[in-house]
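In what follows, a single structure is set out as structure tokens and then discussed.
The values are calculated or read from the model by the stated rules, or taken from the named source; none is laboratory data. Owing to the predicted nature of the structure, the values given are computational and were not obtained by experimental measurement. Glycine also receives a Cβ, built like all others from the backbone with ideal geometry; neighbour counts cover every protein chain displayed.
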Amino acid sequence: MKRMQTLLIPFQLLTYVLMLLALYTIFIYAPVEKTMGLIQKIFYIHVPSAFLAYMAFFITFIASIFYLYRKDSKWDTVAHCAVETGVIFCTIVLITGPIWAKPIWNVWWTWDPRLTTTLILWFTYVAYLMLRRAVKENQRANLSAVFGIIGFINVPITFFSIRLWRTIHPVVITSRGLNMSGPMKFTLIITFIAFCFLFFSLLLSRIRFERLKTRIEEINEIMDDMNLRK
Amino acid sequence: MDNSIYLFAAFSITWTVIFIYIFRLFRNQKALNSQINKIKKTLQKNIELDDRHS
């Protein structure tokens with residue numbers, strides 16, 4: 001726990017520096033797109049957020065498998081914290097998407113396959129968090145792990161929806177790589193790295209908090225048993 | 001095409017969401033720290049009582 005804390009502070013400082021660098025590249029370095037204009041810059045937060053939401057749910061999927069296999073509560077904590085962080089990033093995707101869509105597609109929302117599957121994905125993991133609050137403590141970890149594994153089916157469906165069905169959502173990553181100019185590609189890479197640091201910073205802080213909370217609960221239980229608390 | 005208001009809205013909402021989450025984490029951490037302090041005080045009190053008895 002102490003080693004994690006010592007590593008977390010420089011990690012968070014680096015996240016802060018990278019975020020400032022990302023903002024510089026987005027607003028100063030990256031060129032303005034010819035057709036869409038300034039609004040295209042939303043892309044630099046929209047795409048990394050979507051990718052990190054998928055990654056968070058993948059972490060939940062792996063941690064849930066490990067939990068069911070080893071029955072170690074630390075995997076349940078990782079899965080739970082990853083869902084919470086993933087939902088934050090998925091929320092950002094669902095907010096920035098319609099804001100970008102309004103001036104370009106002339107609608108805030110359309111029931112396009114990518115948009116619909118992303119909304120379903122968000123509802124799935126919000127349901128995961130609600131389930132954790134609703135069920136009894138002895139069933140919580142098991143049920144959440146099963147939900148975390150089954151719920152992950154939505155992630156590849158959402159990712160491949162723009163290839164499987166007819167959609168108006170643009171395809172950024174093609175078989176030839178990223179379909180954009182050099183400076184835009186560079187900006188996306190920097191923003192992506194910065195968002196990855198932000199994601200892990202939030203996830204590690206959340207895991208650390210959850211472990212600390214569990215320890216305090218254990219100490220309180222011991223103190224209750226010993227009649228130390230008044 | 002000037003869509004700067006949409007750009008401003010997207011970035012400000014994104015940062016607001018992130019800051020609200022960080023603030024929530026920070027507040028919960030603070031509550032946990034106060035619980036640790038409470039435990040510390042109780043233990044110190046008990047140690048003092050034990051010392052007096054012995």
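Looking only at residues in segment A:147-171 that are among the aliphatic types (A, V, I, L, M) and either in contact with a Gly (Cβ under 7 Å, 6 or more places away or on another chain) or not in a helix (DSSP H, G or I) (or both), which one is surrounded by the most Cβ atoms within 10 Å (Cβ to Cβ)? Result: A:Ile168.
Annotation note: Cβ proximity below 8 Å between a residue of segment A:181-208 that is under 15 Å from A:Ile59 (Cβ atoms) and a residue that is acidic (Asp, Glu) (sequence gap 6+ or interchain) occurs for A:Arg206/A:Glu84. Report whether or not A:Glu210 is at pLDDT below 85, acidic (Asp, Glu) and closer than 26 Å to A:Phe66 by Cβ. Answer is no for this residue.
Annotation note: of A:Leu119, A:Leu131, A:Leu94, the sole residue that is surrounded by fewer than 21 Cβ atoms within 10 Å (Cβ to Cβ) and either over 15 Å from the mean Cα position of the chain (by Cα) or under 23 Å from A:Leu21 (Cβ atoms) (or both) is A:Leu131.
Residues that are on the phi < 0 side of the Ramachandran plot, away from chain B (no Cβ under 14 Å) and in a strand (DSSP E or B) do occur in segment A:177-193, at least one of them. Within segment A:8-35, being part of a helix (DSSP H, G or I) and either free of Cβ contacts under 8 Å to residues at least 12 places away in the same chain or polar (S, T, N, Q) (or both) holds for A:Ile9, A:Pro10, A:Gln12, A:Leu13, A:Thr15, A:Tyr16, A:Val17, A:Leu20, A:Leu23, A:Tyr24, A:Thr25, A:Ile28.
Filtering segment B:1-48 to residues that are within 7 Å of chain A (Cβ to nearest Cβ) and of a type in the set (Asp, Glu) leaves only B:Asp2.
Look through A:Leu178, A:Leu115 and report the one residue that is closer than 30 Å to A:His80 by Cβ and touching a helix residue (DSSP H, G or I) at 6+ places or on another chain (Cβ under 7 Å). Result: A:Leu115 is the single residue among A:Leu178, A:Leu115 that is closer than 30 Å to A:His80 by Cβ and touching a helix residue (DSSP H, G or I) at 6+ places or on another chain (Cβ under 7 Å). Whether any residue in segment B:3-12 is assigned to a helix (DSSP H, G or I), surrounded by 15 or more Cβ atoms within 10 Å (Cβ to Cβ) and among the polar types (S, T, N, Q) is what I want to check. No, segment B:3-12 has no match at all.
So which residues in segment A:16-58 are among the β-branched types (Val, Ile, Thr) and either in contact with a Pro (Cβ under 9 Å, 6 or more places away or on another chain) or buried (at least 20 other Cβ atoms within 10 Å of the Cβ) (or both)? Lay out the reasoning, then the answer.
Within segment A:16-58, the first condition is being among the β-branched types (Val, Ile, Thr), and the residues that meet it are A:17, A:25-26, A:28, A:32, A:35, A:39, A:42, A:45, A:47.
Answer for segment A:16-58, where residues must be among the β-branched types (Val, Ile, Thr) and either in contact with a Pro (Cβ under 9 Å, 6 or more places away or on another chain) or buried (at least 20 other Cβ atoms within 10 Å of the Cβ) (or both): A:Thr25, A:Ile26, A:Ile39, A:Ile42, A:Ile45.
Looking across segment B:22-54 at every residue that is more than 19 Å from A:Arg208 (Cα to Cα) and of a type in the set (S, T, N, Q), the one that is modelled with the lowest pLDDT is identified as B:Ser54.
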